[in-house]
Amino acid sequence: MPKVKICGITNLEDALVAAQAGADFLGFIFYEPSPRYVAPEIVREIVSGVRGQAPGNLDHALPRFVGVFVNASLEVVGDTLDYCQLDAAQLHGEESPEFVNYFQGRAFKALRPQSLAEAEHLINKYLPSSLILTPRFLTPYFLLDAYHPTLYGGTGQVTDWTIAAAIAQKYPIMLAGSLTPTNVVEAIQAVRPWGIDVSSGVEADKGKKDHEKVRALVKAAKDLK
């Protein structure tokens, strides 16, 4: 059963629906050009609200909270993690291996390879310390997303599942890239990822979730054995 991350959360209502549906991770975008950007002050309130309201209504563990950053400084990432009381950082830019390792297993790198050879090169570049520092039950080693020449995620394009499956055989990865309630079962069966990351595929509009789609996607993923 893969882990499920609902990303692009911008408000408490959506966060609570995702948590109650059984999401393992909630993601917040701190990249200002994104239409799903949310200010740290709002994220802090959402995280506090989920931790305060969700436990009594859950039959499962509280989700972990992830901040998504693109080429932010070490100080900004660290300060935002602490201020918002987040569990991990997902790094979607050109961050160095040293940058990732600085957070001692509290960060993981998003990769957008165009080929298996490029994927393997990037993994070899980022893997050594990650293999030691990142417990697989807390975060994936990597997130694989669809390649786009100018966008850092949220492209609406499907990741190459053949590449992802080859990587997933060796390492715990989170699969992203235009997953929806309609294709999520096929994606999981094809790739066998450690987890899945979904944002646009469960939206009513950019930054606002479709609650029925959230519930349907989480249920479809969790029903797989």
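Coordinate-derived values only; no laboratory data. Just so it is clear, the structure is predicted and the values come from calculations on it, not from any experiment. With ideal geometry, Cβ positions are generated from the backbone for all residues, glycine too; neighbour counts draw on all protein chains shown.
Points to keep in mind about this one:
- GluC sites (Glu not before Pro) lying in DSSP loop within the stretch 94-130, provided at most 11 other Cβ fall within 10 Å: E94
- Residue exposure proxy: S199, S115, ordered by other Cβ atoms within 10 angstrom of their Cβ from fewest to most, comes out as S115, S199.
- Neighbour counts of C-beta atoms inside 10 Å place D145, D223 in the sequence D223, D145, starting with the fewest.
- Size of electric dipole in the stretch 3-223: Cβ of Lys, Arg +1 and of Asp, Glu -1, about Cα centre, debye, nearest 20: 520
- Computed per residue of the chain from DSSP H runs no shorter than four, each worth -39500 (n - 2.57), the mean residue ellipticity at 222 nm is -12000 deg cm²/dmol.
- Ordering M1, M174 from the fewest to the most neighbouring beta carbons within 10 Å gives M1, M174.
- Inter-label distance, nm, simple model (7 Å from Cα along the C-beta direction), M1/E118: 3.6
- One chain, two ends: L138 and E98. Fully extended at 0.36 nm per residue, the span grows by 12.4 nm beyond their Cα-Cα distance.
- Over 27 Å (Cα to Cα) - which of K3/K209; K125/K222; K109/K206 fall in this group: K125/K222
- Between the entries (i) -0.42, -0.86, -1.08; (ii) -0.31, -0.68, -0.93; (iii) -0.36, -0.77, -1.04, the label attached to log10 I(q)/I(0) by the Debye sum over Cα atoms at q = 0.09, 0.13, 0.15 Å⁻¹ calculated for this structure is (ii).
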